[in-house]
Amino acid sequence: MENQFKLATNLNLVDQITVKWQAPSNIALVKYWGKHGMQLPANPSISFTLDACRTITTVKATKGDHGFTISYDGVPKPDFAPKIEAYFKRILDYCPWIAQYHFDIDTHNTFPHSSGIASSASSMAVLSACVTDMESQFTGTDMDFHKASFLARLGSGSACRSLQGQAVVWGKHDEVTGSSDLFGVDKSDYLHPTFQQYHDTILLVDKGEKVVSSTVGHELMNGHAFAKARFSQAHENLSQLKQALKDGDVETFIKITESEALTLHAMMMTSHPYFILMKPKTLSIIEEIWAFRKETGVPVCFTLDAGANVHMLYPHENKEAVDELINSKLAQYCQNGHYICDQIGTGAKKC
Ligand code: 2P0
């Protein structure tokens, strides 16, 4: 119930408070694609939390009329304002004290701007960590990561999977204890040692603006011809993936993860209006990965976000072999040869 996140405690408000947090991006294995109501997912999803791709944010709250400024590395960014304004409106019921503060927000991403890596997950997660941290100081209680995840979801759905844990499930699933449509839950305990040090190398195929935003993509699942089958498939895939993660079963992991990526894009290609976010180089990379896997037996696989970039997922012990593949064959498909070496991380941290 949403009400569990409404404040019942007295607050000890201060005139001014500054907090600084960092939160990572995440990569979904079973994808969230389709939503209803106030940012509620049409199906459960599971992600690996990333490490290197992070947003670092400082928030200074000063008692007074509600309002905010937003800057990136100290430079004002008015184009970020509408999303933050909408976020503050959505969280007001759960954090009414924000109405009494002016917020100065300064933010920084460790990954290049317009690299095609969505910053909404890490930026909404980190902002929510800051707000929740302030609230915990006002109430004199411990930081509530479920509330931070709940608030992050109101900013951007996938952001709720970037708070806590190496693997996070968001969305109610019968076989996932504690799972909820309202917030992400830490399922690091699903991870067999094989998966605890997984790598994600992100090949930057296209750094341009997406032709269709994720918000529009989600909406197009309403009335989609394959929606019902897709949503039930996600439940089944999560069941299977959960077992594979526990068993260290890399073969099943590959089968489900790649199928989920292609299904996500198949949903885009079969919606009305239809659209394609993959690029020819995305497909070339996928073919190279398949050929390499067949030839060498190295268990590297791919997944895709809502864009053209390719995330290569593989165990730590195969890093050298995959580096060699990237240098000899795959870097040439990347814009300016750029790719990002990331790996599984643990979530938001106070700086
Ligand atoms: C995911 N994606 O599970 C899926 C797979 C992209 C592909 O969630 O409208 O930015 O802010 O809730 O979370 C991207 O959509 O959308 C996304 P909103 P969000 O990661």
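Details
- Filter pass, VAL310 being closer than 12 Å to LEU203 by Cα, surrounded by 18 or more Cβ atoms within 10 Å (Cβ to Cβ) and touching a Ser or Thr at 6+ places or on another chain (Cβ under 7 Å): yes
- Condition broken by ALA8, with the remaining ones in (1) more than 10 Å from the ligand (Cβ to nearest atom); (2) touching a strand residue (DSSP E or B) at 6+ places or on another chain (Cβ under 9 Å) satisfied: (2)
- Hits in the range 232-275 - residues which are in a loop (DSSP other than H, G, I, E, B) and within 14 Å of the ligand (Cβ to nearest atom): SER271, PHE275
- SER156 being within 16 Å of the ligand (Cβ to nearest atom), hydroxyl-bearing (Ser, Thr, Tyr) and open to solvent by less than 50 Å² (accessible area, probe 1.4 Å): yes
- Selected residue (only one of SER213, SER149, SER122, SER179 is open to solvent by 20 Å² or more (accessible area, probe 1.4 Å), within 16 Å of the ligand (Cβ to nearest atom) and not charged (D, E, K, R)): SER213
- Enumerated strands (runs of 3 or more DSSP E) restricted to the range 1-91, each holding at least 2 residues that are touching a Phe, Trp or Tyr at 6+ places or on another chain (Cβ under 6 Å): 45-63, 67-72
Conditions (1) within 14 Å of the ligand (Cβ to nearest atom); (2) more than 22 Å from ILE344 (Cα to Cα), marked per residue:
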residue: GLN16; (1), (2): no, yes
residue: VAL30; (1), (2): yes, no
residue: TRP33; (1), (2): yes, yes
residue: ALA61; (1), (2): no, yes
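- Check on VAL211, in contact (Cβ under 8 Å) with a residue 12 or more places away in the chain, of a type in the set (A, V, I, L, M, F, W, C), part of a loop (DSSP other than H, G, I, E, B) and under 30 Å from ILE91 (Cβ atoms): no
The values are calculated or read from the model by the stated rules, or taken from the named source; none is laboratory data. Model, not experiment: these values are computed from the prediction. Every residue, glycine among them, receives a Cβ derived from its backbone with ideal geometry; neighbour counts consider all protein chains shown. SASA here: full protein model, heavy atoms, side chains in, ligands and nucleic acids out. Shrake-Rupley method; radii C 1.70, N 1.55, O 1.52, S 1.80 Å.
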